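A short worksheet on the structure shown next.
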Amino acid sequence: MDSELVKNNRITVRDGIHLSSLRPEDKVALLEHLQSRDVYQTTLNIPYPYLEGHADSWIQKRVEHTRNCGKEVTFAIRTADGKLIGIVSADNHEPGTSHRAEIGYWLAKPFWGKGMMTDAVKAYVEYALRELQVVRLTAHVFELNAGSARVLEKNGFKLEGRFRQHLMKDGQLLDARFYGLLKEDLPIQSHSR
């Protein structure tokens, strides 16, 4: 995984925060952070309550996907001591098969409001455009999730549409915002991380 952008299997996001591959021992942090109903409310595919079997299955799928594809598409967001505090990914992307990928992300609640997710998405976008060789990234957010919309907008994503009653969560149909980013929308400078 080493390149100019990825050094020693990690991508520096900012002082004290980096992205790196998922590890089996991340299960403990996943179980801790995904017990938060607030994190659950902002995501579509994370179950609640989040159980050991969910963590085991998801980690195994991610590790196998990386092994089969040869490139990482899912990164743990980590503190300086290596503790997982969130995820940023394009879980369903298979490098080399498509020009586009949909990203998703979550961050443990104690780290909300500090700009960490904005910086993590920025680092991931640069990685995806360079290393995954996509030319288009997309993301959808719940209409009421203004924080997640701001993360995307600060990273150059454009609102491409609003979809009424597009997503189902807890038996309710929810409106969604759909965002897109083209490689040509962002000037990618050489990276010195």
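The values are calculated or read from the model by the stated rules, or taken from the named source; none is laboratory data. What you are looking at is a predicted structure, and each value in this text was computed from that prediction instead of being measured. All Cβ positions, even for glycine, are placed from backbone atoms using ideal geometry, and neighbour counts span all protein chains on display. Heads up: the accessible areas ignore ligands, DNA and RNA and are worked out on the full protein's heavy atoms, side chains in. Shrake-Rupley method; radii C 1.70, N 1.55, O 1.52, S 1.80 Å.
Close contacts from the stretch 159-177, counting a first residue that is touching a residue at least 24 places away in the same chain (Cβ under 8 Å) and under 23 Å from Arg136 (Cα atoms) and a second that is loosely packed, with under 13 Cβ neighbours inside 10 Å and small (Gly, Ala, Ser), with Cβ to Cβ under 9 Å and a gap of 6+ residues or different chains, come to Ala176/Gly161; Arg177/Gly161. Of the listed requirements (1) surrounded by 13 or more Cβ atoms within 10 Å (Cβ to Cβ); (2) under 21 Å from Asp91 (Cβ atoms); (3) aliphatic (A, V, I, L, M), Met168 misses just one: (1). Selection of helices (runs of 4 or more DSSP H) fully inside the stretch 1-112 by the criterion of at least 3 residues being open to solvent by 50 Å² or more (accessible area, probe 1.4 Å) returns 37-41, 52-69. Within the stretch 113-127, the set of residues being of a type in the set (Phe, Trp, Tyr) and open to solvent by 30 Å² or more (accessible area, probe 1.4 Å) is empty. I'd like the residue in the stretch 153-185 that is touching a helix residue (DSSP H, G or I) at 6+ places or on another chain (Cβ under 7 Å) and outside any strand (DSSP E or B) and, out of all such residues, is farthest from Arg100 (Cα to Cα). Among those that are touching a helix residue (DSSP H, G or I) at 6+ places or on another chain (Cβ under 7 Å) and outside any strand (DSSP E or B), it is Lys154.
Condition first: modelled with pLDDT of 95 or more, under 25 Å from Lys114 (Cβ atoms) and of a type in the set (Asp, Glu). Can you find one or more residues in the stretch 36-56 that meet it? Within the stretch 36-56 (the criterion being modelled with pLDDT of 95 or more, under 25 Å from Lys114 (Cβ atoms) and of a type in the set (Asp, Glu)), the answer is yes, since at least one residue qualifies.
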